[in-house]
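> Here it is, the structure, as C-alpha cells.
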Amino acid sequence: MTEKPPPDPPAGEALPGEADPVTVPDGIPLLEARATAPPRERSEVLIVSGMSGAGRTRTAAVLQDLDWYVVDNLPPRLLAPMVGMMSPSGGVRRLAAVVDVRGKEFFAELSAVLEAFRAQGIEYRIVYLDADDATLVRRYEQVRRPHPLQGEGTIIDGIAAERDLTQDLRRRADTYLDTSTLTVHELAGRVREIVAGEDSHPLAITVQSFGFKYGIPLDADHVVDARFLANPYWVTELRHLTGKDAPVAEYVLGLPGAAEFIEGYAALLDPILAGYVAEQKHYLTVAVGCTGGKHRSVALSERLGVLLRARGHLVRNVHRDLGRE
C-alpha cells in the first residue's frame, strides 16, 4: 500500500527537520516582539481650596495663564463629569477646580467625591490656601464684602465657621500655602513653582513687524523704528520681494549699522525681560516698524526673533502688514 504523504504544515510553520525560514533580509535588524508603546501624556487634576480671602482668585488666574482649564466655584458632584471629559492627547489635559464654601451645602459632598476618585484610581492634588485671621479680616475690610459664611454675625464668625468646615480638607492637602505675608506677585511665583513644569515659559514674546503708514500696533510694549536704514523698495531687483526673502534680508542686515543695531537691541532687552518675569508679566509685544511693513521691519523682526530664541525665550513672529500693498 502506498503511504500518503504527510499533510502540509500550517502556514508559517517549518517542516520537521528544517530550519525556520528566513523572513527578514540580511542586514535588517529584527524588531522586538513586544514594542514599548510611547508614554501617554498624563492628565492632571488640581483641587484648589482653602480660606476665603487667602488668594484663590489670584491662584486661579495664574493657573489660567499657565494654560490650565480653570473652573471656579464648581459643585463637587460635577467634578467627576469634568474629569471624564479630559483627554491626555488633546483638548483639556490640565484641569484646576476651585472648590470652596461658596458652594454651601454642596461643599459637604467634596470628601465623598475625592474618596470615589481614589477608589477609581483617578489622581489629583489638593492645594489649600490659608492666612491668619487678622490678615483675612483686613482683606475683607479692604474690599468691603461680607464673608460667605458670615450671615448675621461678624467676619470673625464666618472665618471660624469656614475653618471648621475645611479642616479635613486642610489635613488632606498635598500643598499647604500660607499667604499671610505674600504679595500678589509672590503668591503667583509660589503657584508657578507648585504646578509649572520644566517646559513652561513664564514670558511669551511676540515680535511684530508693521508699517508706520498703517499705524503703530495698539498692543505694542516696545516700538523699534527701522526707517534709519536704506529702503530696499528703491532697489528694482528687491522691490517685489519681502523681508522674509533671503536677498532682502541679506541686503538689510548688510547695511551699515543694521546688524549691530538689532544685536544690541536684543542685548538691551535682557534685563528688561528678566524684570518682566519677576513682575509676573506673561506677554510682551515688540513692534518693529518701517514705512510699509514689507522689507526692513520684516527682516529685522525675523532676526530679532532668532536672537531671542537663542537666549531661551518663547518667541513668535507676526508680520501685520505684509501683503497689504
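The values are calculated or read from the model by the stated rules, or taken from the named source; none is laboratory data. Given the structure is predicted, the values throughout are model-derived calculations rather than measurements. Reconstructed Cβ throughout: ideal geometry from the backbone, glycine too, with neighbour counts over all protein chains shown.
> Between residues in the stretch 249-261 that are assigned by TED's automatic domain parsing to the domain that holds VAL224 and surrounded by 14 or more Cβ atoms within 10 Å (Cβ to Cβ) and residues that are among the small types (Gly, Ala, Ser) and not in a loop (DSSP other than H, G, I, E, B), which pairs lie under 6 Å by C-beta distance while being six or more apart or on different chains?
From the stretch 249-261, the pairs are ALA249/ALA299; VAL252/ALA258; VAL252/ALA299; LEU253/ALA259.
> Which of the following residues is modelled with pLDDT of 85 or more and in a helix (DSSP H, G or I): ALA97, ALA108, ALA112, ALA80?
Step by step, each of ALA97, ALA108, ALA112, ALA80 is checked, and only ALA112 is modelled with pLDDT of 85 or more and in a helix (DSSP H, G or I).
> Something else about it: Determine whether the stretch 121-133 contains at least one residue that is within 29 Å of the chain's Cα centre (by Cα), exposed (fewer than 15 other Cβ atoms within 10 Å of the Cβ) and free of Cβ contacts under 8 Å to residues at least 60 places away in the same chain.
yes
Table: residues versus (1) at pLDDT 55 or above; (2) of a type in the set (Gly, Ala, Ser); (3) outside the structural domain of GLN142 (by TED's automatic domain parsing).
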| residue | (1), (2), (3) |
| --- | --- |
| ILE28 | no, no, yes |
| VAL48 | yes, no, no |
| ARG56 | yes, no, no |
| ALA61 | yes, yes, no |
| GLN64 | yes, no, no |
| VAL71 | yes, no, no |
| SER87 | yes, yes, no |
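> Conditions: (1) modelled with pLDDT of 95 or more; (2) more than 26 Å from the chain's Cα centre (by Cα). TYR214 meets all but one. Number of the miss?
Among (1) modelled with pLDDT of 95 or more; (2) more than 26 Å from the chain's Cα centre (by Cα), the lone unmet condition for TYR214 is (1).
> Here's something else I'd like to know. For the structure I just gave you, tell me whether ARG190 is in contact (Cβ under 8 Å) with a residue 24 or more places away in the chain and basic (Lys, Arg).
Answer is no for this residue.
> On to the next question. Taking the stretch 134-161 as the search range and keeping residues that are at pLDDT below 90 and acidic (Asp, Glu), which one is surrounded by the fewest Cβ atoms within 10 Å (Cβ to Cβ)?
GLU152
> Is it true that GLU109 is of a type in the set (D, E, K, R) and within 17 Å of GLN167 (Cβ to Cβ)?
Yes.
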